[in-house]
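The values are calculated or read from the model by the stated rules, or taken from the named source; none is laboratory data. Just so it is clear, the model here is predicted, and its values are computed rather than measured. Using ideal geometry, Cβ is built from the backbone for each residue, glycine included, and neighbour counts are taken over all protein chains shown.
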Amino acid sequence: MILKASNLSLTDGQESARLVADSAATATTLTVDNISGFSVGKYLLIGEFGDSNAEIVRIHTSIAPTGSTVTLNAGTTKDHYADTKITVIDYNQIEFSRSTTISGSKVVLTTKNISADRVETNYTDATNLTGFAFFRFKDEANSVFSQYSSGVSYSGTNNDSVQNIVDKACRDAGVKVGEDFSTEDMLLDDANDCQDAICDTDWKFELVKNDTSLTVSQYENTFSLDNLSYELKYPGIVQGVKSVKLSGHRLDYIDNDEMDTLYNTVVRTTIATQAEIGDTSIVLANTSELPDNGTVYINGLSLTYSTNTKSTNTLSGISAASITKVLPVSSNVWYNIATGLPTKYTITIENEILFNVPIATTYNGYSVTIEYLKKLSRFTDFASVTEIPFSEIMPLYVSAKIEKRKRNMENYTNIMAEFKSALEDNKEKYKIPVLEDSRYYNFFDTKIK
């Protein structure tokens, strides 16, 4: 396995200067046009990565640059001409590592000096045939490291991997991964932007059928949707939710206003002090909204009270035979609504599903079966794989973005038009149709900008 690490990102955004005079091999000082950003112990790239006479040197560890003179820690090994670019870089070595899985522990394979006369530094792993390779830059003198690169699979990349997508895009745009217009971070952002652009439309491959990861608890009426198997494409709104079933019954969707109307006369509070079997009074968290007498529902019990002492939040006058089990602190207390099997639901702005009645004991622990559109996972590294079944069009988008950064606007426009045309070609096969007869499944097509 030949591992390749691009050197090019080392010079991104770094301070640079130019030689104002020729410099012969073995020179221990350099004369430059400015020393901004040059300081004791820093590494310098003389020339450009890939130049035959490029080399990396280090500024003297105790003699600071001054005026136009930079004193080196050791002499140069090559001749350099006036006007040669000199760039401050943070690292002089590359550490190659391997892990058995993309997120597993990394084991160092080797540490190599950066090859300044090449745009990449290579290492051949003659031992391992599987796993994932990583590299990071190293400041040899101070043992300081950069972040790790994206992981690359030893077994090659799938056609639908980010690695494959960006590699093809770079070939089409005539650049290499790691160059000024195609750094790893740029390309990863491009791939994510491409996925976002594609998912402006709702697709069949985003539809999750019969997810049962949400379970209900007795006496509750509201449940978070944050812990579904997949994140909702449209959190906090009903768009994208096709159906909701509980105990085999399909629930009807109503909007938030309708649900508010249903709960308009309902009061919910909680037990403040544990009630014991046979008690004739209970202390709640708040009784200010409860009537002077009435019936409350707590943990499956129906308790009728005759007195509401609001100053102490106490309901009294309860029959001693009514409280047949301990009612713990924080138990839900409901007024004007009993538990049961929900028949309606809404989605709240807090990304919760709200039912029209609290869950009865009979249905405690039941799974809610939901069909919905999921949000595709973000790409975190080049080993990430897209779920888009027509990933072959994605290099077009990425290469268009590269051309835009290169300010080749005509190429950008033409390639992006080709991408949009290819996207339209796939809609007939993969796009979800609008279901006109469904209020809760109102998908729409948004044009790519």
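Restricting to the range 62-82, and then to whatever is assigned to a loop (DSSP other than H, G, I, E, B) and free of Cβ contacts under 8 Å to residues at least 40 places away in the same chain, can you tell me which residue is nearest to Thr26 (Cα to Cα)? Walk me through it before giving the result.
Taking the range 62-82 and keeping what is assigned to a loop (DSSP other than H, G, I, E, B), we get 62-65, 67-68, 73-79, 81-82.
Among the residues that remain, those that are also free of Cβ contacts under 8 Å to residues at least 40 places away in the same chain are: 62-65, 67, 73.
On the way: Ser62: 19, Ile63: 18, Ala64: 19, Pro65: 18, Gly67: 21, Asn73: 11 Å.
That would be Asn73.
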Residue by residue through the range 5-37, note down the ones that are surrounded by 14 or more Cβ atoms within 10 Å (Cβ to Cβ), of a type outside the set (Ser, Thr, Tyr), more than 19 Å from Lys138 (Cβ to Cβ) and under 37 Å from the mean Cα position of the chain (by Cα). Glu15
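Do you know which of the residues in the range 38-56 that are of a type in the set (A, V, I, L, M) and modelled with pLDDT of 95 or more is surrounded by the fewest Cβ atoms within 10 Å (Cβ to Cβ)?
So in the range 38-56, the residues of a type in the set (A, V, I, L, M) come out as 40, 44-46, 54, 56.
Checking the rest, the ones that are also modelled with pLDDT of 95 or more come to 40, 44-46, 56.
Numbers: Val40: 14, Leu44: 23, Leu45: 24, Ile46: 23, Ile56: 23.
This residue is Val40.
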Candidate set: the range 377-394, residues that are hydroxyl-bearing (Ser, Thr, Tyr) and crowded, with 18+ Cβ neighbours inside 10 Å; chosen: the one nearest to the chain's Cα centre (by Cα): Ser384
Ala133 fails exactly one of the following numbered conditions: (1) modelled with pLDDT of 95 or more; (2) buried (at least 18 other Cβ atoms within 10 Å of the Cβ); (3) among the hydrophobic types (A, V, I, L, M, F, W, C). What is the number of that condition? (1)
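If you check Leu303 against the conditions, is it surrounded by 15 or more Cβ atoms within 10 Å (Cβ to Cβ), in contact with a Pro (Cβ under 9 Å, 6 or more places away or on another chain) and of a type in the set (A, V, I, L, M)? Walk me through how you get there before you give the answer.
Details: surrounded by 15 or more Cβ atoms within 10 Å (Cβ to Cβ): yes; in contact with a Pro (Cβ under 9 Å, 6 or more places away or on another chain): no; of a type in the set (A, V, I, L, M): yes.
For Leu303, the condition - surrounded by 15 or more Cβ atoms within 10 Å (Cβ to Cβ), in contact with a Pro (Cβ under 9 Å, 6 or more places away or on another chain) and of a type in the set (A, V, I, L, M) - is not met.
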Please verify whether the range 57-65 includes one or more residues that are among the hydrophobic types (A, V, I, L, M, F, W, C) and crowded, with 17+ Cβ neighbours inside 10 Å. yes
Those residues of the range 336-389 which are under 25 Å from Thr295 (Cα atoms) and free of Cβ contacts under 8 Å to residues at least 40 places away in the same chain, in sequence order: Gly340, Thr362
Checking the conditions here, which among Val175, Val144, Val208, Val162 is over 27 Å from Lys375 (Cα atoms) and touching a Ser or Thr at 6+ places or on another chain (Cβ under 9 Å)? Val175
Matching residues, the range 176-198, being within 25 Å of Asn7 (Cβ to Cβ) and either in contact with a Pro (Cβ under 6 Å, 6 or more places away or on another chain) or small (Gly, Ala, Ser) (or both): Gly178, Ser182, Ala191
Residue satisfying all of: in the range 347-376; among the aliphatic types (A, V, I, L, M) and within 16 Å of Ile254 (Cβ to Cβ); farthest from the chain's Cα centre (by Cα) among these: Val357
The range 164-204, residues that are assigned to a loop (DSSP other than H, G, I, E, B), out of contact with any strand residue (DSSP E or B) (no Cβ under 7 Å at 6 or more places or on another chain) and hydrophobic (A, V, I, L, M, F, W, C): Val175, Phe181, Cys199
Which ones in the range 205-254 are at pLDDT 90 or above, outside any loop (DSSP other than H, G, I, E, B), charged (D, E, K, R) and more than 30 Å from Tyr335 (Cα to Cα)? Glu206, Asp211, Lys242
Can you find a residue in the range 355-375 that is part of a strand (DSSP E or B), over 30 Å from Asp185 (Cβ atoms) and among the charged types (D, E, K, R)? yes
Number of positions in the range 276-292 that are touching a Leu at 6+ places or on another chain (Cβ under 9 Å), assigned to a loop (DSSP other than H, G, I, E, B) and over 16 Å from Thr324 (Cβ atoms): 2
When the range 193-243 is checked residue by residue, the ones that are β-branched (Val, Ile, Thr) and either at positive phi or touching a Lys or Arg at 6+ places or on another chain (Cβ under 7 Å) (or both) are Thr201, Val208
Any hit, the range 86-103, residues being touching a Gly at 6+ places or on another chain (Cβ under 7 Å), polar (S, T, N, Q) and more than 27 Å from Ser150 (Cβ to Cβ): no
Scan the range 17-40 for residues that are farther than 18 Å from Ala74 by Cβ and assigned to a loop (DSSP other than H, G, I, E, B) and jot them down. Val20, Ala21, Asp22, Asp33, Asn34, Ile35, Ser36, Gly37
Please work out which residue is surrounded by the most Cβ atoms within 10 Å (Cβ to Cβ), limiting yourself to the range 160-199 and to residues that are hydroxyl-bearing (Ser, Thr, Tyr) and closer than 26 Å to Phe49 by Cα. Ser182
